[in-house]
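The values are calculated or read from the model by the stated rules, or taken from the named source; none is laboratory data. Please read all numbers here as calculations on a predicted model, not as lab measurements. Heads up, the Cβs are rebuilt from the backbone with ideal geometry, glycines too, and the neighbour counts pull from every protein chain shown. Protein only, heavy atoms only, side chains kept; ligands, DNA and RNA dropped before computing areas. Shrake-Rupley method; radii C 1.70, N 1.55, O 1.52, S 1.80 Å.
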Amino acid sequence: MRDVYTYASPEDPDRPDDGLFGPGSVTWRLMDGRIMWVAAVRALLLQALHPRVIRGTLQNATGITEPVEAWARLRRTRKFVETCTFGTLAEAERAGRRVRKIHESLTATDPDGTPYRVDEPELLLWVHCGEVASIVDVASRSGMAVGAADLDAFVGEQRRRAGLIGLDPGSAPASMAELDAYFDQIRPELHACDEAREALRLLFHPPVPEGNRALKVAMPPFNALAFATLPRWARRMYGRPGGPLTDIAASAGLRAARLAFGRQRLFLAAMRAVHRAEWAGETKPPWPDRAVP
């Protein structure tokens, strides 16, 4: 099956433009880091703490607990992020249009029967901020060479991608201070509802297609690291707050994981395992699949 989201390689000399960000951006520098796989899982755990976001996800995600479908969805999400980040302007805009069109038809229901659209601006903003916050946290704690000015620049650059999913870019935070203020404001609306706890359970016991034993063994500790990087208030909502030593250990784990991911042979083996799971049951494209490490 051909991927919906495809993009021209950033090294392609025939590319018409550098897309939303370009090689001089902080976005390209951070998103090219292999440790951002941890940030992706952290973002999912953080986003699940908004009850309407996780309910909207699970109510519209048929087969999410079925291994083949779960990993196919992961592949589509991964490719969407890559296309928006590294693709040309036309490729990024095409990916954004597709996602907006899908979201336009999706609704969900609160426990009291109240219906809502999954593309309501406040829900899109929460998803956006959860992803941005996870990237800056993992980047800074894993030892990547980023300073305060870099993180501010990254948050500001991400407003461009916010527009692709249907947000008014001006409504998204433009700096770390604005991002922190947003989280202070939204926290009273967050809690770990039953659906969020189910999502957490799935991450610690991930559905993995047959024939991927190594991935099944490796994923729980990897996801546990991502969980440990959550802010203490978020872990407390899940009932597993930890303390200062947990935060110190998580930062040390991130630095160790970043060094491990830097080993080319180990990383390629891990990506082949992910690739096999993502394409289970489908005609596989030639390895390597273009992926952001």
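How about the range 4-33: which of its residues are under 26 Å from residue 232 (Cβ atoms) and in a loop (DSSP other than H, G, I, E, B)?
33
Would you confirm whether any residue within the range 201-214 is buried (at least 20 other Cβ atoms within 10 Å of the Cβ), touching a residue at least 60 places away in the same chain (Cβ under 8 Å) and among the aliphatic types (A, V, I, L, M)?
Yes, there is a match, as at least one residue in the range 201-214 is buried (at least 20 other Cβ atoms within 10 Å of the Cβ), touching a residue at least 60 places away in the same chain (Cβ under 8 Å) and among the aliphatic types (A, V, I, L, M).
Tell me, which residue of the range 51-90 that is modelled with pLDDT under 90, outside any helix (DSSP H, G or I) and among the β-branched types (Val, Ile, Thr) is least open to solvent (accessible area, probe 1.4 Å)?
64
I'm trying to understand the selection: among the residues of the range 94-128, which are in contact with a Gly (Cβ under 9 Å, 6 or more places away or on another chain) and either assigned to a helix (DSSP H, G or I) or at positive phi (or both)?
Scanning the range 94-128 gives 94, 95, 96, 99, 100, 103, 104, 121, 123, 124.
Could you pull out every one of the helices (runs of 4 or more DSSP H) wholly within the range 152-235 that has 2 or more residues that are over 26 Å from residue 260 (Cβ atoms)?
Details: elements: 176-186, 194-204, 213-228.
Output list reads 176-186, 194-204.
Restricting to the range 215-237, what's the tally of residues that are closer than 25 Å to residue 184 by Cα, surrounded by 18 or more Cβ atoms within 10 Å (Cβ to Cβ) and of a type outside the set (A, V, I, L, M, F, W, C)?
2
Suppose we filter the range 152-171 for residues that are under 20 Å from residue 86 (Cβ atoms) and in contact (Cβ under 8 Å) with a residue 40 or more places away in the chain; how many remain? First the steps, then the outcome.
So in the range 152-171, the residues under 20 Å from residue 86 (Cβ atoms) come out as 153-165, 169.
This time we only want the ones that are in contact (Cβ under 8 Å) with a residue 40 or more places away in the chain, so: 153-154, 157-158, 160-161, 163-165.
Here the count works out to 9.
Go through the range 238-256 and count every residue that is open to solvent by 20 Å² or more (accessible area, probe 1.4 Å), of a type in the set (A, V, I, L, M) and either at pLDDT below 70 or touching a helix residue (DSSP H, G or I) at 6+ places or on another chain (Cβ under 8 Å) (or both).
1
Name every residue in the range 140-174 that is open to solvent by less than 30 Å² (accessible area, probe 1.4 Å), over 17 Å from residue 92 (Cβ atoms) and of a type in the set (S, T, N, Q), in order of residue number.
142, the sole residue that qualifies.
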